[in-house]
Amino acid sequence: MTLSLDLTANPTRDMLRARAVMPAKGSLIGLSRAELGEALISAGVPERQAKMRVQQLWHWLYVRGVSDFSEMLNISKDLRATLEQHFTIARPEIVEEQISNDGTRKWLFRFPPRGAGRPVEIETVYIPEEGRGTLCISSQVGCTLTCSFCHTGTQKLVRNLTAEEILAQLLTARDRLGDFPERGTPDGAIVPAEGRKVTNVVMMGMGEPLYNFEAVKKALLIASDGDGLSLSKRRITLSTSGVVPEIFRTGDEIGVMLAISLHATNDDLRDLLVPINKKYPLSELIAACRAYPGLSNAKRITFEYVMLKDVNDSIEDAKALIKLLRGIPAKINLIPFNPWPGTNYQCSDWETIEKFADYINNAGYASPIRTPRGRDILAACGQLKSESERMKKVDRLALEAMMIAGHGEA
Ligand code: SAH
Ligand code: SF4
């Protein structure tokens, strides 16, 4: 059974909406420490106090997770009022929260307009697993790229998300999952790292993160800041379809783990599946992977490979894959294709996927088959699309029929 919390008809709605303030005022979330200091000074905080105030705010925002200035207990009432007057730290509106029968959660968040723009909606997914919980974060509203097997690729790019909006997905998910201390409790009640629900972050939601490099960088540096959200860079993975010029910078300037959406081992097929390949062909992509900063057996690149029936799933393809990746410290992640209404692709048969995985395993690569998660709420890879393009009921029924036909587990 799928539990769907439609917050338009839910008593928590008013509470959640009350905290979602239109950002006519600038947000303090997503600013670097230096920017935060400048913002405070511009609001009248004396320069000599700025550094200390930045430290205090950083703690409230990223360790305690507060979303209201009134909760900042060690800051004077006057200063809180000044902050309130100039800035916001509100969360986005949660339009919908769905919980899949496998525990996967999907949120539809609405962010207020930027400038003359319109409000935008994006999806964020939480995947609980034995011993860890992964949050799948979006970097753009829609995507400019048009990978032929991806649902998000059928949605036009609306805009890049800001660093604030990228971080807000993590902060709001942690609110909802109970990863921040209860309001009003002493410091000692901070949820310890090993008890947290969100242990890993993947930039694998909507959009191409390397087409929004600066905002993604800023957000991930804050997410991994040791005095704040403290996620280890080893537990953050950025997935790219292959924006070659930004790959080195990702390792050099952000230092997170890299995943490449490979999906094909020759240019002809990759041109069709991942059209950015026409701009940055496989030879350039593989060269950029070999040069990824910090690459070692302990820090491998993950190559994602979607299993498409009769398209890229033969043993010949598996052989070509091994040949292509020779010498690169790599993990291969086989993703059973997740269907969506209107697609012409089908997921490979389970037996074919297992044979493919066995071949790769025997060649010495770890090759986990990614269990499809949250398919019943369209939360699986490549199924994300925002409210503006939310499925009509008839599409949902078609999808369910497809899933039942193609995959017993759906
Ligand atoms: N734009 C980035 C990150 C988001 S997509 C990228 O392309 O890497 C996250 C992963 O899901 C990518 O590997 C993508 O190729 C894969 N994916 C997209 N659509 C899918 C689908 N329908 N079924 C399975 N995986 C899909
Ligand atoms: Fe964009 Fe990634 Fe989907 Fe390709 S797979 S269309 S890059 S979100």
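The values are calculated or read from the model by the stated rules, or taken from the named source; none is laboratory data. Small disclaimer: the values here were computed from a predicted structure and weren't measured. When we count neighbours, we look across all protein chains shown, and the Cβ atoms used for this are built from the backbone with ideal geometry, even at glycine.
Go through (1) surrounded by fewer than 18 Cβ atoms within 10 Å (Cβ to Cβ); (2) at positive phi and name the single condition GLY65 misses.
Only one criterion is unmet by GLY65, namely (1).
Check off (1) within 13 Å of ligand 1 (Cβ to nearest atom); (2) modelled with pLDDT under 95; (3) not acidic (Asp, Glu) for PRO209 and give me the number that stays unchecked.
It fails just one condition, (2).
SER230 fails exactly one of the following numbered conditions: (1) under 30 Å from GLU284 (Cα atoms); (2) more than 16 Å from the chain's Cα centre (by Cα); (3) among the polar types (S, T, N, Q); (4) surrounded by fewer than 19 Cβ atoms within 10 Å (Cβ to Cβ). What is the number of that condition?
(1)
I'd like to verify a number: residues in region 139-152 that are crowded, with 20+ Cβ neighbours inside 10 Å and out of contact with any Pro (no Cβ under 9 Å at 6 or more places or on another chain), how many?
Qualifying residue count for the region: 6.
Based on this model, can you work out whether LEU238 counts as at pLDDT 95 or above and within 30 Å of LYS355 (Cβ to Cβ)? Talk me through it step by step, then tell me what you get.
Values: at pLDDT 95 or above: yes; within 30 Å of LYS355 (Cβ to Cβ): no.
No: the conditions fail for LEU238.
Have a look at LYS355, LYS331 and point out the one that is in a strand (DSSP E or B) and surrounded by 13 or more Cβ atoms within 10 Å (Cβ to Cβ).
On the way: LYS355 fails: in a strand (DSSP E or B).
Exactly one residue qualifies, and that residue is LYS331.
Going residue by residue through region 313-325, is there one that turns out to be under 19 Å from GLY242 (Cα atoms) and assigned to a loop (DSSP other than H, G, I, E, B)?
Checking region 313-325: not a single residue is under 19 Å from GLY242 (Cα atoms) and assigned to a loop (DSSP other than H, G, I, E, B).
Look at region 212-254 and say how many of its residues are of a type in the set (A, V, I, L, M), within 16 Å of ligand 1 (Cβ to nearest atom) and assigned to a helix (DSSP H, G or I).
So the answer is 7.
Looking for whichever is of a type outside the set (Val, Ile, Thr), within 15 Å of ligand 2 (Cβ to nearest atom) and at pLDDT 95 or above here; the options are ASP271, ASP225. Which one fits?
Going through ASP271, ASP225 in turn, the sole match is ASP271.
Scan region 273-312 for residues that are part of a loop (DSSP other than H, G, I, E, B) and hydrophobic (A, V, I, L, M, F, W, C) and jot them down.
Of everything in region 273-312, those that are part of a loop (DSSP other than H, G, I, E, B) and hydrophobic (A, V, I, L, M, F, W, C) turn out to be VAL274, ALA291, LEU295, ALA298, VAL311.
Do we have VAL202 as over 23 Å from ALA90 (Cα atoms), within 16 Å of ligand 2 (Cβ to nearest atom) and surrounded by 15 or more Cβ atoms within 10 Å (Cβ to Cβ) here?
Numbers: over 23 Å from ALA90 (Cα atoms): yes; within 16 Å of ligand 2 (Cβ to nearest atom): yes; surrounded by 15 or more Cβ atoms within 10 Å (Cβ to Cβ): yes.
So VAL202 passes the test.
Could you tell me how many of the residues in region 315-329 are free of Cβ contacts under 8 Å to residues at least 40 places away in the same chain and in contact with a helix residue (DSSP H, G or I) (Cβ under 9 Å, 6 or more places away or on another chain)?
Residues in region 315-329 being free of Cβ contacts under 8 Å to residues at least 40 places away in the same chain and in contact with a helix residue (DSSP H, G or I) (Cβ under 9 Å, 6 or more places away or on another chain): 1 in total.
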